[in-house]
Every structure is written in C-alpha cells, then in structure tokens.
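For reference, the structure is listed below as structure tokens.
The values are calculated or read from the model by the stated rules, or taken from the named source; none is laboratory data. As the structure is a prediction and not an experimental result, all values here were calculated from the model. No Cβ is skipped: glycine too gets one built from the backbone with ideal geometry, and neighbour counts run over all protein chains shown.
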Amino acid sequence: RPPLAPNYPAGGALGALWRNDHDAGNRAAWLMARLHAFDLLRYGITADCLPVLDVPIEGASDVIGARAYGKEPRSVIELGRAAAEGLMSGGVLPVMKHIPGHGRAFADTHFELPTVDASMSDLQRHDFAPFRELNHLPMAMTAHVVYSAIDPKNPATTSGKVIDEIIRGEIGFDGLLMSDDTSMKALSGDFPTKAAAILAAGCDLVLHCNGVFEEMAGIASRTTGLEGTSLQRAQRALTYIKNRDRADEAEIRAEFATYFDAVA
C-alpha cells in the first residue's frame, strides 16, 4: 500500500476486463504483475504469493472474494498464467495458491477450518483445473481446507494423502510447496505441533506471517534447513528468474493506466 507501493485493482477487476476482452485482460494481468516486480525488488523481495488460482462457487466464503479472477476455470488459468509470467519477467518468483483449491470453502480459514464435501469429479473439473494447467510453476501454497472426498480428517496443509495423491499426483506439481500461514486459526495445536505436522505431510516450507516472536520460535524449534528433494526444488525454483527483462517501468505504468487509469 502507499507509500511503499501503489494501490492496484483486485484480481476480480482483471477478470471483469477479461470477460469483456480476453486479450486486454491477459495483457493487463501481465502488466500489473510486472509492476509488482518493480515494487518488490526495491525492497529486495524476490517472491510474491500470486497468482490466486482459486475458483469460487456461489455462496462460498468471501475470504477469497475479489482476489479471485473469476468463477470459471478458463479465466483463472489465463489470467494466472499472465500474472506468473509478468512476475518472472521482472525477476520475482510466483507462488500459486491455494492448492488444490480454496474456492468451495464456506468458512474463513483465518478463523476456522472449512470442510469441502464436493465429489472428486467436481473437484477435478472445477477446483484442480487451474493448478493442473499451471503445474509447471516453481512454487505453490497449500489450502487449510479439508476435502472429505480425499481425507476427511486433515486439511490439505497437513494431509500426506492430499499432498501425495492430489497435489503431487493428480495435479502433477513437483515444485516447492509451502504451507499457508500457520498463525491462521484453521490449524489446530501449538506452533511446534503445527510445524511438525506440515513437514511430515510433505510440505517443503512452513509459512508464518504475523511476526509474533514466540510463535516464530515454536515453528523454528521443529524445522531444519532445506535438504534433499526440498532443497532441489528450491534450487530449481531460482532458475525461473535468471533472465530478467529490461522493461522500462514508466512505459509499463503508462500502458497499465490505459486499462486502469488513476492507479495510485
């Protein structure tokens, strides 16, 4: 937010533009992500938790809300791809989220754990589709959501079954996998317990966002440095941003303003 960076339109605004003109929507998504890269690199930040590939259904929690590009997989796939490419062109790694899909959750995972009772066929057709299509991207973030058709006891973040059979198997993602924020109330247990469960399930990284030192210490007590396959995934992810383009920031901002004027 200002003064660190401009206010930008939400993903839903890009989706609205895309539904009117696919090419314009995709271009605007690329431009906005490329601008994010300019903004972030000023502070030495080389990863961004974008694109949001969740496909909400009617009546779902508004926790995703306007962050979603649309309510149909095609727009989410196209705009998500454009955003990821814009970030990488600017030297910033994308993190697609919330794998394998948060769009059916009827509760806000910041406060409680939602259960999705959709059939596997519906999940495959609707929720998994964007992640499967973009499974080549370098990094992804899990969903704190229970999928009863897969594992009725554990949310994806701490479910070895969801991570192994769905994220790695069905979706085919072999990049660096991080949990969603461990300080969210959807996960139960103390912070060392959460960290251990996340790593045991197959995540490569444990994410903690609120900066509370005691919580951070609890997470750190059960984590180690990257090694083995996780280290290889991290090293491979870094290769995605070796060839940063030489785009002119002023030109990019001017072009983006033709789609969304008065971004400030």
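Here are some notes:
- Flag if Ile45 is more than 19 Å from Val95 (Cβ to Cβ) and outside any helix (DSSP H, G or I): no
- Only a single item in (1) modelled with pLDDT under 95; (2) surrounded by fewer than 22 Cβ atoms within 10 Å (Cβ to Cβ); (3) closer than 23 Å to His22 by Cα is not met by Ala107, and it is number (3).
- Candidate set: segment 235-250, residues that are hydrophobic (A, V, I, L, M, F, W, C) and in contact with a Pro (Cβ under 9 Å, 6 or more places away or on another chain); chosen: the one modelled with the lowest pLDDT: Ile241
- Unmet requirement for Met88, which otherwise passes all of (1) outside any loop (DSSP other than H, G, I, E, B); (2) in contact (Cβ under 8 Å) with a residue 60 or more places away in the chain; (3) under 22 Å from Val145 (Cα atoms): (3)
- Single residue of Gly101, Gly70 found to be in contact with a helix residue (DSSP H, G or I) (Cβ under 7 Å, 6 or more places away or on another chain), without any contact (Cβ under 8 Å) to a residue 60 or more places away in the chain, surrounded by 24 or more Cβ atoms within 10 Å (Cβ to Cβ) and more than 30 Å from Tyr43 (Cβ to Cβ): Gly101
- Against the list (1) more than 13 Å from Ile99 (Cβ to Cβ); (2) buried (at least 22 other Cβ atoms within 10 Å of the Cβ); (3) of a type outside the set (Phe, Trp, Tyr), the condition Gly189 fails is (2).
- Residues of segment 164-198 satisfying the condition of being under 12 Å from Thr142 (Cβ atoms), part of a loop (DSSP other than H, G, I, E, B) and out of contact with any helix residue (DSSP H, G or I) (no Cβ under 7 Å at 6 or more places or on another chain): Asp181, Met184, Ala186
- Verdict on Ser148 being surrounded by fewer than 22 Cβ atoms within 10 Å (Cβ to Cβ), among the polar types (S, T, N, Q) and over 18 Å from Phe128 (Cα atoms): no
- Qualifying residue in segment 50-60 (condition: surrounded by 21 or more Cβ atoms within 10 Å (Cβ to Cβ), at pLDDT below 95 and at negative phi): yes
- A single member of Ala29, Ala60 is of a type in the set (Gly, Ala, Ser), outside any helix (DSSP H, G or I), out of contact with any Ser or Thr (no Cβ under 9 Å at 6 or more places or on another chain) and free of Cβ contacts under 8 Å to residues at least 60 places away in the same chain, and it is Ala60.
- Residues within segment 145-163 that are assigned to a loop (DSSP other than H, G, I, E, B) and either within 14 Å of Ala105 (Cβ to Cβ) or touching a residue at least 60 places away in the same chain (Cβ under 8 Å) (or both), tallied: 3
- Qualifying residue in segment 144-157 (condition: polar (S, T, N, Q) and within 15 Å of the chain's Cα centre (by Cα)): yes
- Qualifying residue in segment 199-214 (condition: surrounded by 13 or more Cβ atoms within 10 Å (Cβ to Cβ), more than 28 Å from Asp117 (Cβ to Cβ) and small (Gly, Ala, Ser)): no
- Checked against the criterion of being crowded, with 17+ Cβ neighbours inside 10 Å, under 26 Å from Asn210 (Cα atoms) and of a type in the set (Gly, Ala, Ser), the candidates Ala82, Ala37 yield just one match: Ala37.
- Contacts under 8 angstrom Cβ, first residue in segment 117-130 being in contact (Cβ under 8 Å) with a residue 24 or more places away in the chain, partner in a loop (DSSP other than H, G, I, E, B) and among the hydroxyl-bearing types (Ser, Thr, Tyr), 6 or more apart: Asp117/Ser148
- For Ala13, the stated conditions hold: it is over 25 Å from Phe173 (Cα atoms), assigned to a helix (DSSP H, G or I) and out of contact with any Leu (no Cβ under 9 Å at 6 or more places or on another chain).
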